[in-house]
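The values are calculated or read from the model by the stated rules, or taken from the named source; none is laboratory data. It should be emphasised that the depicted structure is a prediction, and the values quoted were computed from it without experimental measurement. Neighbour counts are summed over all protein chains in view; Cβ atoms, including those assigned to glycine, are modelled from backbone coordinates with ideal geometry.
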Amino acid sequence: MSPSRFIAYVALPGALRWRKIEHPATGEAPVAVYERAMNLALYLMRAGPLIRDGDTVGTTPTQRIAVARGEQGGVPTYRLEFVGNAAWPG
């Protein structure tokens, strides 16, 4: 059974609290999901919390991953959601 989502925690410069990144299950190899979440975490660590609720991110011109920002259990959260069929891997 594959997990329903991947969760990573990241500390941002100057932030008093950890941030959480939730990545949905995609059927991809776990290493691909891990790399995507870690790339986003690295970007946030370097650039700061520039990604707003409703922004999209992606590593290719056709990949659109919507970011929903909010809080879960008092932890600021970035929840990733793939947009459109072209964004789904595999």
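In this structure, residue 54 does not satisfy being assigned to a loop (DSSP other than H, G, I, E, B), at pLDDT below 85 and at positive phi. Going by the structure shown, is residue 41 buried (at least 16 other Cβ atoms within 10 Å of the Cβ), modelled with pLDDT of 80 or more and either touching a Phe, Trp or Tyr at 6+ places or on another chain (Cβ under 8 Å) or assigned to a strand (DSSP E or B) (or both)? Considered against the rule, which asks whether it is buried (at least 16 other Cβ atoms within 10 Å of the Cβ), modelled with pLDDT of 80 or more and either touching a Phe, Trp or Tyr at 6+ places or on another chain (Cβ under 8 Å) or assigned to a strand (DSSP E or B) (or both), residue 41 comes out as no. Within the range 66-76, the residues that satisfy the criterion of being within 17 Å of residue 41 (Cα to Cα) and at pLDDT below 85 are 75, 76.
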